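Please read the structure below before turning to the comments.
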Amino acid sequence: MPLESFKKFIEQSADARKDESDLSAYEKFGNKTKAGRRAQIREYREITRRPMATLDLHGRTVAEAEQAVTNFIAQHAGDKAVIITGRSGKLRQIFPEWASGFLRDKIAGYKLMSTGGSWEIKIRSKK
């Protein structure tokens with residue numbers, strides 16, 4: 001593509017973007033095209049990148065970790081949070097027991113994140 005044609009193409013693209021600024025990328029491209037799927041993934045990533053509260057339990061005993069988790073959950077009611085336990089060790093094994101035990105009234109849901117060393121939790125709102 002010659003340089004002048006390329007410049008014209010860029011200008012037209014910029015004008016089109018201004019006109020379509022009220023549409024989401026998914027609405028523009030749909031899910032059928034590669035551009036649409038990429039736009040949908042990009043929007044999803046932007047939505048999910050919101051900062052989450054994080055608690056790192058490395059170097060704590062089980063008793064210290066239990067107290068820290070209880071205090072952390074009390075402070076962050078209604079939020080999503082990440083609790084880092086590490087990939088191995090007692091805390092990673094015991095956290096699901098806590099979540100289904102004494103924390104079940106305070107946690108709406110939890111799952112092991114893909115890293116394997118942290119748990120994403122949804123903390124219930126205070127009543």
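Each residue in segment 59-69 was checked for being in contact (Cβ under 8 Å) with a residue 24 or more places away in the chain and out of contact with any strand residue (DSSP E or B) (no Cβ under 7 Å at 6 or more places or on another chain), and 4 of them qualify.
Evaluate the following for Gln40: is it part of a helix (DSSP H, G or I), in contact with a helix residue (DSSP H, G or I) (Cβ under 9 Å, 6 or more places away or on another chain), modelled with pLDDT of 60 or more and farther than 30 Å from Lys126 by Cβ? Quick ask: steps written out before the conclusion?
Details: part of a helix (DSSP H, G or I): yes; in contact with a helix residue (DSSP H, G or I) (Cβ under 9 Å, 6 or more places away or on another chain): yes; modelled with pLDDT of 60 or more: yes; farther than 30 Å from Lys126 by Cβ: yes.
So Gln40 passes the test.
Taking Thr54, is it without any contact (Cβ under 8 Å) to a residue 60 or more places away in the chain, hydroxyl-bearing (Ser, Thr, Tyr) and surrounded by 15 or more Cβ atoms within 10 Å (Cβ to Cβ)? So Thr54 fails the test.
Determine which member of the set Arg104, Arg45, Arg50 is at pLDDT below 90 and outside any helix (DSSP H, G or I). Spell out how you get there, then give the answer.
Values: Arg104 fails: at pLDDT below 90; Arg45 fails: outside any helix (DSSP H, G or I).
Residue meeting the stated conditions: Arg50.
Look at Ile94 and say whether it is of a type outside the set (Gly, Ala, Ser), surrounded by 12 or more Cβ atoms within 10 Å (Cβ to Cβ), without any contact (Cβ under 8 Å) to a residue 60 or more places away in the chain and closer than 14 Å to Ile107 by Cβ. Spelling it out, it is not the case that Ile94 is of a type outside the set (Gly, Ala, Ser), surrounded by 12 or more Cβ atoms within 10 Å (Cβ to Cβ), without any contact (Cβ under 8 Å) to a residue 60 or more places away in the chain and closer than 14 Å to Ile107 by Cβ.
The values are calculated or read from the model by the stated rules, or taken from the named source; none is laboratory data. Owing to the predicted nature of the structure, the values given are computational and were not obtained by experimental measurement. For neighbour counting, all protein chains shown are included, and Cβ atoms are generated from backbone atoms with ideal geometry for every residue, glycine included.
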